[in-house]
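The values are calculated or read from the model by the stated rules, or taken from the named source; none is laboratory data. Since we're looking at a predicted model, the values are computed, not measured. Cβ atoms come from the backbone with ideal geometry, glycine included; neighbour counts cover every protein chain shown. When the accessible area is computed, the model is the full protein with side chains, heavy atoms only, and any ligands, DNA or RNA have been set aside. Shrake-Rupley method; radii C 1.70, N 1.55, O 1.52, S 1.80 Å.
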Amino acid sequence: MGYRLLYNLLIHLGLPLALLALYRPRRGKPGFGARWREHLGYAAPTGQEAPLWIHAVSVGETLAISPLIRALKAERPDLPILLTTTTRTGAEQAARLGDLVMHRYAPLDYPWAVSRFLAIFKPRALWVMETELWPNWLAACEARHLPVTIINARLSERSCGRYRRFQGAFDALSRPLGLLLCQHQDDADRFHRLGIGRERLAVTGSIKFDIQFGDEVLSKGRALRQALGRDRPVWIAASTHQGEDEQVLAAFDRVRLTHPSALLILVPRHPERFDRVAELCAPYGCVRRSSGDPIREEDGVYLGDTMGELPSMLAAADVAFMGGSLVGVGGHNLLEPAALGKPCLTGPHYFNFSDITRQLVDRGGASAVASRDELGEKVSVLLADEHQRRERGEQARAVVLRNQGALARTLSRCLDGLD
């Protein structure tokens with residue numbers, strides 16, 4: 001109990017900073033409007049009795065859980081679902097599910113906020129997408145005998161080592177977890193090393209592999225490519241972070257030495273950075289997606305400054321680089337471009353998605369580059385060789401197809417826990 005007292009003391013002392021980080025106005029960052037109070041547990045009831053509470057922190061997790069929610073509603077159409085996110089972009093993605101779910105912002109991990117939230121909604125169970133473990137959430141669920149399932153659970157060797165240094169705290173944190181559905185056997189083995197019994201662990205695979213893009217995405221991708229220039233070499237740098245855009249543009253300088261007509265689609269990860277990145281791209285001739293302006297031959301950069309359109313932009317490109325990997329963020333998921341049959345590139349820092357990346361690299365569907373210079377060289381080689389692009393893209397898609405089926409396994413285990 002001592003660790004929770006210390007934890008609660010620290011988070012209450014840090015409450016002003018937490019609220020500032022969440023609500024501080026930034027250019028290009030949408031606010032929460034009147035719904036900001038939901039983060040403190042003041043949420044309007046849904047009118048639904050005993051909903052299933054599913055939590056997906058932001059846009060990536062919401063995208064990943066959406067196919068599972070659709071499959072769940074097809075299986076149990078009368079089951080009310082309360083979907084929570086922490087971020088506004090996650091909420092926007094949740095809205096795409098329509099009346100399949102009711103959305104609220106998740107309470108921050110303060111005991112009084114969590115208790116108020118649970119008193120309002122009285123959920124029957126909690127499913128958490130990926131390893132989002134909050135002490136007061138889990139303690140409140142345990143006190144109310146609320147079953148908790150972790151979906152797509154993963155645990156890196158680095159995180160495992162950190163938890164081992166605070167084994168007592170981890171034991172208390174993990175005690176309320178009824179079932180952890182792990183992405184890979186390595187993840188399950190690490191959780192077991194931390195003391196979680198095998199009876200609470202299952203390896204179901206990553207539901208992110210069950211990604212499917214409909215005709216709408218492919219059609220929008222073809223239309224965008226036509227607008228960008230059917231014969232122009234096009235590559236995309238997606239989900240880039242601060243300090244990475246400059247490196248991508250330096251790589252683009254190398255690409256243009258051998259492909260002077262090449263076009264870069266640049267998609268920053270965070271909306272509040274759109275304006276700053278547009279300034280960086282201005283010397284190259286930059287057209288912002290949000291402007292609706294046509295791209296000209298002399299324009300070198302197409303800035304993806306809208307939300308929800310990344311799949312169609314990936315579909316329009318010849319080669320895909322995934323950001324967060326030239327800086328120490330840990331990379332982002334390569335599965336979207338891989339599912340679209342694109343040759344994939346990542347920087348050296350991909351530890352957040354090491355298993356997926358290694359599978360793609362081992363099969364020839366992806367390459368890891370060590371620097372911006374190597375990125376430019378690799379993009380140049382791929383843009384010059386259509387046969388190699390097609391072969392590597394097919395290998396990437398084959399990895400995705402080979403790993404599919406996790407969604408059905410996950411849904412089956414989750415439903416067992418509900419019945």
* **Qualifying positions in the stretch 369-419 - of a type in the set (A, V, I, L, M), over 15 Å from Lys342 (Cα atoms) and either in contact (Cβ under 8 Å) with a residue 60 or more places away in the chain or open to solvent by 30 Å² or more (accessible area, probe 1.4 Å) (or both)** => Ala370, Leu375, Ala406, Leu407, Ala408, Leu411, Leu415, Leu418
* To do: Please state which one of Leu100, Leu138 is of a type in the set (A, V, I, L, M) and either surrounded by fewer than 20 Cβ atoms within 10 Å (Cβ to Cβ) or farther than 24 Å from Tyr42 by Cβ (or both).
  => Leu100
* To do: Go through the stretch 391-409 and give me each residue that's assigned to a helix (DSSP H, G or I) and in contact with a Gly (Cβ under 8 Å, 6 or more places away or on another chain).
  => Glu391, Arg392, Gly393, Glu394, Gln395, Ala396, Arg397, Ala398, Val399, Ala406, Arg409
* Filtered residues of the stretch 86-104 (kept if under 26 Å from Pro268 (Cβ atoms) and at pLDDT below 95) -> Thr86, Thr87, Arg88, Thr89, Gly90, Ala91, Glu92, Gln93, Ala94, Ala95, Arg96, Leu97
* Could you list, in sequence order, the residues of the stretch 67-90 that are open to solvent by 10 Å² or more (accessible area, probe 1.4 Å), assigned to a helix (DSSP H, G or I) and without any contact (Cβ under 8 Å) to a residue 40 or more places away in the chain? -> Arg70, Lys73, Ala74
* To do: Examine the stretch 264-275 for a residue that is without any contact (Cβ under 8 Å) to a residue 12 or more places away in the chain and either assigned to a loop (DSSP other than H, G, I, E, B) or open to solvent by less than 10 Å² (accessible area, probe 1.4 Å) (or both), and state whether such a residue exists.
  => no
* To do: Would you mind finding the one in Arg276, Arg232, Arg222, Arg254 that is in contact with a strand residue (DSSP E or B) (Cβ under 8 Å, 6 or more places away or on another chain) and of a type in the set (Lys, Arg)?
  => Arg232
* Looking at (1) modelled with pLDDT under 95; (2) among the hydroxyl-bearing types (Ser, Thr, Tyr); (3) open to solvent by less than 30 Å² (accessible area, probe 1.4 Å), find the lone condition where Ser156 falls short. => (3)
* Please work out if Ala250 is part of a helix (DSSP H, G or I), surrounded by 14 or more Cβ atoms within 10 Å (Cβ to Cβ) and small (Gly, Ala, Ser). => yes
* Asked: Which pairs have Cβ atoms under 7 Å, sit 6 or more apart or on different chains, and link a residue in the stretch 233-249 that is farther than 19 Å from Val59 by Cβ to one that is open to solvent by 10 Å² or more (accessible area, probe 1.4 Å) and not in a helix (DSSP H, G or I)?
  -> Pro233/His259; Pro233/Ser261; Pro233/Asp318; Val234/Asp318; Trp235/Asp318; Gly243/Val327; Gln247/Leu326
* Please work out which residue is most open to solvent (accessible area, probe 1.4 Å), limiting yourself to the stretch 169-228 and to residues that are closer than 20 Å to Asp416 by Cβ and among the β-branched types (Val, Ile, Thr). => Val203
* Asked: Taking the condition open to solvent by 40 Å² or more (accessible area, probe 1.4 Å), under 26 Å from Arg88 (Cβ atoms) and either of a type in the set (Asp, Glu) or at pLDDT below 95 (or both), does Glu279 pass?
  -> yes
* Looking only at residues in the stretch 31-66 that are part of a helix (DSSP H, G or I) and of a type in the set (Asp, Glu), which one is nearest to the chain's Cα centre (by Cα)? -> Glu61
* Scope the stretch 112-135; condition buried (at least 22 other Cβ atoms within 10 Å of the Cβ) and in a loop (DSSP other than H, G, I, E, B); matching residues -> Pro123
* Verdict on Ala64 being farther than 19 Å from Glu130 by Cβ and among the aliphatic types (A, V, I, L, M) -> no
* Out of all the residues in the stretch 237-247, which are surrounded by fewer than 20 Cβ atoms within 10 Å (Cβ to Cβ) and assigned to a loop (DSSP other than H, G, I, E, B)? -> His241, Gln242, Gly243
* Asked: Do you know which residues across the stretch 282-301 are of a type outside the set (Val, Ile, Thr), open to solvent by less than 60 Å² (accessible area, probe 1.4 Å) and under 16 Å from Ala250 (Cα atoms)?
  -> Tyr284, Gly285, Cys286, Gly300
